[in-house]
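What follows is a short report on a single structure.
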Amino acid sequence: MARLAALWKKEFLAISRDRHGLAALFIMPAVFILIMSLALANAFSGQQDATLGYAVLDLDGTALSKELDGSLGPLEMLEKRPPPANEEQAREQVLSGKIAFVAIIPEGFAKQIGTKQTPALRFLVDPAIPGMLRNGFCQYVEAKTIRVWLGHVLERLGQSAMLPGIRAVADQVGTPEVSVEAVGHAATAGALPSAVQQNVPAWLIFSMFFVVIPISAVFIGERQRGTLQRLRSQRVPFWLILAGKCLPYVLINQAQAIVMVAVGKWMVPLCGGDALVLPEGTAALTALWLVSLAVSIAAVGLALLIARIAHSIEQATIVGGVGNILMGALGGIMVPRFVMPATMQPWTRLSPMDWALEGFHQIMLRQGRIGDILFPVGALVCFGFATLALAVFLERRAHPT
């Protein structure tokens, strides 16, 4: 028992000296629980904040269309916004992310009463919004349309209590003709994105940031074997050592991106899913590559900073892995931003994964071009170089000479 007690004491002493490991085991999971609990607070309480907006564009301007517009009110997660001036402005608002949907009541909507035609509706939607929410909104507007339409048909027939009138109503009222258009920058926009189109960018970003594990293994292994000390003795500056590590791992990240895209484009269809659709044209593909490259720079820079701070491979793996999960939870990878409470949504901008997701969405969902991804790409590159600069600063402070 004395020997066992001594071994216990040794282990507790060893554990107490590993402050970073203890912090990773206790602090990071606590922060993760805090973030996920706040992000999903409304989803489980049944009370959703109106964090997205929609508008109604009435091109008919009749009493019937105004009645339909007035019957539409706020929904879960959807707040009714002032109507746009015209369809062009409606497209701009959806494209910029100011509103998620625009329901368009077409000209001649009221004239169809008493005819064999069914009411027609058009929807402009943000392709970054999941299909379940999009379908729910469209069905809500369709149901309101049928209700208003039915009331006016019955009023015009004047026989709502008579069997012939009811049969006439059955002939007159049908399901509205609906067209749904995903708004994008290019003229080829319009098709609604599939699930794979939305999932591949998110999980590609998440996986690319896990480059921290191989980088840490190599970096800390070199430190333990004395390789970094020998390079330092030969007056090789630390920033040059980091620069020597950047290019290989950026290339590995790019190969990782190619594999993930290939899985979405060819393997998912073989398993019965929809194929990933890549943007067309040299400019769009170049913009897509720039976003991928910027994500690599940010991921490698952060990984090298963690490798510099960590004292062991295990510690770097825990800190890097849990850190990536935290960034994914906060950055909209695990929980979409619109699901989060309105007070929490601005905090998603603190995660580089949020910037990366915005860049990929601009290209793969909204058919954007290089000019549309300047901010997310610039932010990711600045983040990558800032983390590298911090790693160099910490090294110089630890080894001034």
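The values are calculated or read from the model by the stated rules, or taken from the named source; none is laboratory data. The shown structure was predicted, so the numbers you read here are calculated from the model rather than taken from an experiment. Note that we place each Cβ from the backbone using ideal geometry, even for glycine, and neighbour counts take in every protein chain shown.
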(message) Taking the conditions exactly as written (among the small types (Gly, Ala, Ser) and at pLDDT 85 or above), does ALA243 satisfy them or not?
(response) yes
(message) Within the stretch 313-401, considering only helices (runs of 4 or more DSSP H) that don't extend past its boundaries, which have at least 2 residues that are farther than 30 Å from MET77 by Cβ?
(response) 313-330, 374-398
(message) Residue pairs, Cβ under 7 Å, 6 or more apart or interchain, first in the stretch 390-401 and not assigned by TED's automatic domain parsing to the domain that holds ALA303, second basic (Lys, Arg) and surrounded by fewer than 10 Cβ atoms within 10 Å (Cβ to Cβ). List them.
(response) none
(request) Sort out for me the helices (runs of 4 or more DSSP H) sitting completely within the stretch 191-271 that have 1 or more residues that are among the acidic types (Asp, Glu) and in contact with a helix residue (DSSP H, G or I) (Cβ under 8 Å, 6 or more places away or on another chain). (result) 212-225
